[in-house]
Structures are given as structure tokens and as C-alpha cells.
Amino acid sequence: MSIKKNRPAEKEALIIKSYVQAENLFEFGPLLIKKDPERRSEPEYQKMNSSIFQITNSGKFPVEAQFCLKSLLSPEEGGQEGKSPFIIEPAEAVLQVEETLQLRVFAFPDEAKLFKDEVVCLLKDNPNAVCLPIQCLGAKPGVSVSNDTVMFERALLGNTREKKLTLTNTCPLKVNWRLSKVD
């Protein structure tokens, strides 16, 4: 339901849960890795790790539709190697004329890399499948530190010493951090 014409040129600009027209694909954006797909019915997981695609029967007759991922097809049918982080619900539906189905697509990446797949919609008595490319970026939180150790030399009582330490976010997600063992 969110459309972007092009991907932003700035490196810091991320596309999150949007269809990119120029690339003809749906971009989930960066997602935290190692989340449990079995918890996908929880509202917090649905908000962060899923998106709804609206499928409408604009024809003149009811339609039986099946939905699957291209990666789950056999290699002879064009399937891909490797495990896909995407899940589709529901897998099939009967749509009456002008009825709209809310197809929920989940993404649960397990590695910090780019995952691509396609949602394939098969309609009964129609030999042409409809495919929608999707992708997500698995992200692992990380921070780089300018110095491994901060050493303070001797100081007289009452004098204040200051050292600078620079923390840099190395992942595409926002990172929360804190210093431990500090008053």
C-alpha cells in the first residue's frame, strides 16, 4: 500500500515495507535476524515482520487462488536453492467477484544478508502465474568503538580528566546501547 518510485540515492535512506516501482519489487527493508517464526501470530511480530498485500478479484467470475513462494517450487519449476525466510498466509482462497483478500507475507531472516524471493499467485483455469518479487535484508546489531581501552593516568584529587570515545552504528537498524559497570 506504500509505493516509492525509486530507491533513494542516499546510503542512509532505507526503504521499509514499500513497493519500489523502478525495481518492480516489494522491499521489507532491514529486519532483525534470529526471530522465531512460530511467534508470528503475536501483534509485535506482525507489525515488524509482516506486510499485507491486498488481492482483489476484479473479474466477472469467482476465482480459486493458490499462493506460494518461488523458492519452495522444485528446480524444474524454477525454484531456488536454499531456505527462504518468507512465509505466506493464507496459502489458498476462493475470491468472489469484487472480493478483496488480505494476504499476509512474513519475513524472518536468519542471517545478516539480502534475501530475495517471489510470491507466486496461481489461478484455477489460468495458465499464467502472477509473480511479485520480494526482498528483505537480515540485520545483526553492531557497534564499532574508536578505542578498545580507555586509560586514565594518575590525576590529582579535584581535577577532572576527559577522554573521548566514538561509537558508530555498523548495521542498517537503529541500535540501543548502554555502558555497564559505570556509576
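The values are calculated or read from the model by the stated rules, or taken from the named source; none is laboratory data. Note that the structure is predicted; figures quoted are calculated from it, not measured. All Cβ positions, even for glycine, are placed from backbone atoms using ideal geometry, and neighbour counts span all protein chains on display.
For region 116-126, how many residues meet the condition of being out of contact with any Leu (no Cβ under 6 Å at 6 or more places or on another chain) and in a strand (DSSP E or B)?
Qualifying residue count for the region: 6.
Restricting attention to region 4-23, and to residues there that are among the basic types (Lys, Arg) and not in a strand (DSSP E or B), which single residue is nearest to Pro133 (Cα to Cα)?
Here is the first cut: in region 4-23, the ones among the basic types (Lys, Arg) are 4-5, 7, 11, 17.
With not in a strand (DSSP E or B) added as a condition, the list becomes 5, 7, 11, 17.
Numbers: Lys5: 16, Arg7: 15, Lys11: 22, Lys17: 13 Å.
Looking at residues that are among the basic types (Lys, Arg) and not in a strand (DSSP E or B), I get Lys17.
Kindly list, by first and then second residue, each pair from a residue in region 122-146 that is under 29 Å from Asp110 (Cα atoms) and in contact (Cβ under 8 Å) with a residue 24 or more places away in the chain to a residue that is aromatic (Phe, Trp, Tyr) and loosely packed, with under 12 Cβ neighbours inside 10 Å, limited to pairs with Cβ atoms under 9 Å and residues at least 6 apart or on different chains.
The qualifying pairs are Pro141/Trp177; Val143/Trp177.
Can you pull out every residue in region 127-183 that is of a type in the set (Gly, Ala, Ser), surrounded by 10 or more Cβ atoms within 10 Å (Cβ to Cβ) and part of a loop (DSSP other than H, G, I, E, B)?
Ala129, Gly142, Ser146
Any residue at all in region 155-162 that is at positive phi and free of Cβ contacts under 8 Å to residues at least 24 places away in the same chain? Before you say what the answer is, go through the steps one by one.
Pass one, region 155-162, residues at positive phi: 158.
Still in the running and free of Cβ contacts under 8 Å to residues at least 24 places away in the same chain: 158.
Yes, region 155-162 has at least one match.
When the residues of region 6-24 are filtered to those that are over 17 Å from the mean Cα position of the chain (by Cα) and at pLDDT 85 or above, which remaining residue is nearest to Ser51 (Cα to Cα)?
Gln21
Quick grid of which residues meet (1) more than 16 Å from the chain's Cα centre (by Cα); (2) of a type outside the set (D, E, K, R):
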| residue | (1), (2) |
| --- | --- |
| Lys60 | yes, no |
| Ala65 | yes, yes |
| Leu72 | yes, yes |
| Val105 | no, yes |
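Please determine whether any residue of region 92-109 is at pLDDT 90 or above, in contact with a helix residue (DSSP H, G or I) (Cβ under 7 Å, 6 or more places away or on another chain), hydrophobic (A, V, I, L, M, F, W, C) and not in a loop (DSSP other than H, G, I, E, B).
yes
Every residue, every condition in (1) in contact (Cβ under 8 Å) with a residue 12 or more places away in the chain; (2) over 17 Å from Gly138 (Cα atoms), yes or no:
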{"position": "Ser2", "(1), (2)": "yes, yes"}
{"position": "Glu23", "(1), (2)": "yes, yes"}
{"position": "Asp36", "(1), (2)": "yes, no"}
{"position": "Glu44", "(1), (2)": "no, yes"}
{"position": "Phe53", "(1), (2)": "yes, yes"}
{"position": "Leu69", "(1), (2)": "yes, yes"}
{"position": "Pro75", "(1), (2)": "no, yes"}
{"position": "Gln96", "(1), (2)": "yes, yes"}
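It is to be established whether one or more residues within region 157-164 are modelled with pLDDT under 85, in contact with a strand residue (DSSP E or B) (Cβ under 9 Å, 6 or more places away or on another chain) and over 30 Å from Val63 (Cβ atoms).
no
Counting just the residues of region 62-77 that are among the hydrophobic types (A, V, I, L, M, F, W, C) and modelled with pLDDT under 90, which one comes out farthest from Ile88 (Cα to Cα)?
So, considering only residues that are among the hydrophobic types (A, V, I, L, M, F, W, C) and modelled with pLDDT under 90, the one farthest from Ile88 (Cα to Cα) is Leu73.
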